[in-house]
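The values are calculated or read from the model by the stated rules, or taken from the named source; none is laboratory data. What you see is a predicted model; the values in this text were computed from it and never measured. Neighbour counts run over all protein chains shown; Cβ positions are idealised from the backbone, glycine included. All accessible areas refer to the heavy atoms of the entire protein, side chains included, with ligands and DNA or RNA removed. Shrake-Rupley method; radii C 1.70, N 1.55, O 1.52, S 1.80 Å.
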Amino acid sequence: METPWDHRYAQRTQRMGSSAVRELLKLTEKPDIISFGGGLPAPDVFPVEDFLAACERVLHEQGPQSLQYSTTEGYLPLREMIARHTRRYGMHITPDNILITSGSQQALDLIGKVFINRCDRILVEEPTYLGALQAWNAYGAEYVTIPMDEHGMITDRLEEIVRTGPKFIYVLPNFQNPTGVTLSEERRRKLIEIADRYGIPIIEDDPYGQLRYEGKHLPSVVVLDGQFRHNGETPFRGNVIYLSTFSKILAPGIRLAWVIAPQEVIYKLVQAKQGVDLHTATFNQMVAYEVSRGGFLDRHVWMIRRVYGERRDIMLDAMAEFFPPGVQWTHPEGGLFLWAIMPEGLSSPEVLKAAIEQKVAFVPGGPFYACGGGETTMRLNFSNATPEKLRLGIERLGNVIKAQMEAKGMLHAQPG
Ligand SMILES: Cc1ncc(COP(=O)(O)O)c(C=O)c1O
């Protein structure tokens, strides 16, 4: 229905809107539905008691300060802690290279605000994180995509695509959202080298890097970039803006994340953030610091890895048991998601409709494709549901896919 407001919105809001999939996913919030849809951490890993104690300490010891306005850059002890922690991974930064943001989602939006002119092309993986597309659509971004395989973006194709002149390259090297795929070290180096040759900055989005359940840690793109250009020494410069977040290692409800960038980029992002929210909540930053310090965060991340690693295995085992032949899926070494590809001829939004009737849900993969496609793909989250629900949900979903394949006469055509 048309309203008088329709003519009042800015042009950029025309690209905002609710999708059919989003409407379907609203139905999955009902308690009797097993949802593999959201990217939600498990509620049982939230350190509620530790937060309670930290809130009391902050209010007792620094009450007025914690309730006051503060600097845009963020609470200094928190930035110092992040800098210390990050230096362990070989990033030679100081707190001046860090901006605290209200979630990485805000960092993506600020990057859009600072860098994207209308019709600028952004080079993204195919598929990529939907939240980044949402943030950048509002700034009039266009996209060029690079295909992926099980080792991440296919960097052999990068040079040809980079010649289209993208403003920056957006990459999720660790356990990518949505596919769970990890970019190999060799390809990380190739990405850095080509980006440098063509003078194109890289945005590295890394919410899941610490949540590895098997295999060896790979150096992040920002670290390799530092080695590539100046042996990783301070002052921190280079071609990469790095994002990470407390959402998956502590709690998403506190909306705390950080950007690491050369100082001149931090200045610009600070100016942009001042126009958005002045600063991220002082109280949240102080409490997160109080909770995390003294080695708590390391111990906590260990525990999360154990819980999620187990859940990933349960989901993978259940898929092997219950999914019909012809469906393929990734085997992520960490993170929160895996990615399934159904045979041609099936449609994941249609499967979702049938799945919701059977009280199970997932996210259809299409919206993660910046330039269309992905009709048969689905993203499955394994961190949020309990082990029992994981197995039951995958059994239900397997039956739904089987029924759809049968209805289309596809099941008997499959070998095995
Ligand atoms: C790749 C990626 N970037 C950014 C975000 C946003 O995280 P935050 O909760 O820090 O805003 C997410 C959340 O799932 C994500 O998967």
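Do we have any residue at all in segment 335-343 that's open to solvent by 20 Å² or more (accessible area, probe 1.4 Å) and over 19 Å from the mean Cα position of the chain (by Cα)? Yes.
May I ask you to list the residues in segment 224-276 that are within 16 Å of the ligand (Cβ to nearest atom), open to solvent by less than 30 Å² (accessible area, probe 1.4 Å), β-branched (Val, Ile, Thr) and not in a strand (DSSP E or B)? Residues satisfying the conditions are Ile249, Ile254.
Residues in segment 209-223 that are open to solvent by 10 Å² or more (accessible area, probe 1.4 Å), within 30 Å of Asp44 (Cβ to Cβ), of a type outside the set (Gly, Ala, Ser) and not in a strand (DSSP E or B): how many? Summing the residues that are open to solvent by 10 Å² or more (accessible area, probe 1.4 Å), within 30 Å of Asp44 (Cβ to Cβ), of a type outside the set (Gly, Ala, Ser) and not in a strand (DSSP E or B) in segment 209-223 gives 6. Give the residues of segment 117-128 that are away from the ligand (no atom under 14 Å from the Cβ) and either closer than 18 Å to Leu336 by Cβ or buried (at least 16 other Cβ atoms within 10 Å of the Cβ) (or both), sorted by residue number. Result: Asp120, Arg121, Ile122, Leu123, Glu126.
Per the conditions (1) at pLDDT below 95; (2) open to solvent by 10 Å² or more (accessible area, probe 1.4 Å); (3) not in a loop (DSSP other than H, G, I, E, B), the sole criterion not satisfied by Gly131 is (2).
The residue of segment 134-158 that is farthest from Gly334 (Cα to Cα), among those that are within 16 Å of the ligand (Cβ to nearest atom) and part of a helix (DSSP H, G or I), is Asn137. Note on segment 151-208: residues that are in contact with a strand residue (DSSP E or B) (Cβ under 7 Å, 6 or more places away or on another chain) and of a type in the set (D, E, K, R) total 6. Among the residues making up segment 31-52, those that are of a type outside the set (Asp, Glu) and either open to solvent by 60 Å² or more (accessible area, probe 1.4 Å) or without any contact (Cβ under 8 Å) to a residue 60 or more places away in the chain (or both) are Pro31, Leu40, Pro43, Phe46, Val48, Leu52. Within the option set Arg88, Arg79, Arg57, being free of Cβ contacts under 8 Å to residues at least 60 places away in the same chain and either in contact with a Phe, Trp or Tyr (Cβ under 9 Å, 6 or more places away or on another chain) or open to solvent by 30 Å² or more (accessible area, probe 1.4 Å) (or both) holds for one residue only, Arg88. The number of residues in segment 159-174 being within 21 Å of Arg118 (Cβ to Cβ) and either assigned to a loop (DSSP other than H, G, I, E, B) or among the charged types (D, E, K, R) (or both) comes to 4. Every condition in (1) within 16 Å of the ligand (Cβ to nearest atom); (2) without any contact (Cβ under 8 Å) to a residue 40 or more places away in the chain holds for Val171 except the one numbered (2).
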